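Below is one structure, written out as structure tokens; comments come after it.
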Amino acid sequence: HSLRSRVASKKSQVHDALITVLGNQTIEDIEGTGGRNKLRVGLISAINTALGQGVVEELYFLDLIIQ
């Protein structure tokens with residue numbers, strides 16, 4: 001299976017995993033020392049849990065908007 005088809009078939013699981021990780025963050029968590037990196041690691045772990053270990057190795061933030 002290609003990565004695209006794997007993501008498509010598990011879209012709901014990936015979406016839920018990302019919302020769970022993001023929903024557990026506070027502004028202080030993200031803006032604190034190493035906060036973005038901790039968030040990055042949590043998101044990578046969540047995606048890999050949904051898709052299979054080792055699928056995602058790196059994640060880059062192009063924009064980060066905090067409300």
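The values are calculated or read from the model by the stated rules, or taken from the named source; none is laboratory data. On a predicted model such as this, the values are computed, not experimentally measured, just so you know. Side chains included, ligands, DNA and RNA excluded: accessible areas come from the protein's heavy atoms. Shrake-Rupley method; radii C 1.70, N 1.55, O 1.52, S 1.80 Å.
Please give the contour-minus-distance gain from Ile27 to Ser2: 0.36 nm per residue of separation, less the Cα-Cα distance, rounded to one decimal in nm.
On the way: separation 25, 0.36 × 25 = 9.00 nm, distance 3.57 nm.
Full extension of this stretch gives 5.4 nm more.
Under Stokes-Einstein, with the Kirkwood radius over Cα pairs as Rh, the value for the chain at 25 °C and 0.890 mPa s is 194 µm²/s. Remark: the range 36-42, residue by residue, has Karplus-estimated 3J(HN,Hα) of 5, 5, 4, 5, 4, 4, x Hz, where x stands for each Gly or Pro and the curve is 6.51 cos²θ - 1.76 cosθ + 1.60 at θ = phi - 60°. Rolling a 1.4 Å probe over the heavy atoms of the protein chains gives the chain an accessible area of 77 Å² per residue.
If I compute solvent accessible area with a 1.4 Å probe over the protein chains, what percent of it on the range 1-58 is carbon and sulfur? It would help to have the intermediate numbers written out before the result.
Details: 2170 of 4170 Å².
Solvent-exposed carbon and sulfur of the range 1-58 make up 52 percent of the total.
Potential lengthening of the chain between Glu58 and Gln13 amounts to 14.3 nm, from the contour at 0.36 nm per residue minus the alpha-carbon distance.
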